[in-house]
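Below is one structure, written out as C-alpha cells, with a few remarks after it.
Values in this text are rule-based calculations from the coordinates and carry no lab data. Because the structure is a prediction, the values reported are computed rather than measured. Here the Cβ positions follow ideal geometry from the backbone for every residue, glycine too, while neighbour counts run over all protein chains shown.
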Amino acid sequence: MKNKIIAFSTTIYGLIIALPVFAADDYGLGATAGEAGLTTGLASKSVPEIIGSVIGVVLGLLGVVFMILLLYGGYSWMTAYGNEQKLTKAKDTIINAVIGLIIILAAYAISTFVINALVK
C-alpha cells in the first residue's frame, strides 16, 4: 500500500512539474501574435507584473493545498465513527485549514494591492 501511495504521489508531482514544459510550446501562436502587432511573453510585462503573476500562482497553489486539507478534515470527521480522538484531530485539521485559507486570502489581497500600486 505504501509503495502505491509513493508511486501515485511521484506521478502527480511529475505531472505538476512537467506541465509548464508542455505549456511552454506556443504552437506558432507567438509568431501569429507578432504578425498581428500584439506583444507576447515576458517582454510586454513589467517586473512588478511578473512578480505579481508568480505570487498569484504560488498563492493559488497554496489555496488548493488548504482546500484539500479542508476536504481531508471533513472526510476524517465523517469517518470518525464517534471516536473522540479522531474527531478532535479532524476538527483541528478543519480549523487549521480555514485559518490557512484566511491567511492565503489576506496575502493575496495585500500582494494584489501592492503590485497594483507599484505598476501605477
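Details
- Selection of chymotrypsin sites (Phe, Trp or Tyr not before Pro), the range 42-106, meeting DSSP coil and at most 12 other Cβ within 10 Å: Tyr81
- Under 20 Å from Lys120, Cα to Cα: lysines that are on another chain or at least 8 residues apart: Lys45
- Other residues whose C-beta falls under 12 angstrom from the C-beta of Gly73 contribute a net charge of +2, scoring Lys and Arg +1 and Asp and Glu -1.
- Proximal charge balance of Gln85 [Cβ under 14 Å; K/R count +1, D/E count -1]: +1
- Candidate lysines for bridging to Lys2, where Cα separation is under 30 Å - those fewer than 8 sequence places away on the same chain excluded: Lys86, Lys89, Lys91
- Total charge dipole magnitude, the range 45-120, about the Cα centre, Cβ charges on Lys, Arg, Asp, Glu only, Debye to nearest 20: 60 debye
- Kirkwood analysis of the range 45-120, using all unique Cα-Cα pairs, places the hydrodynamic radius at 13.9 Å.
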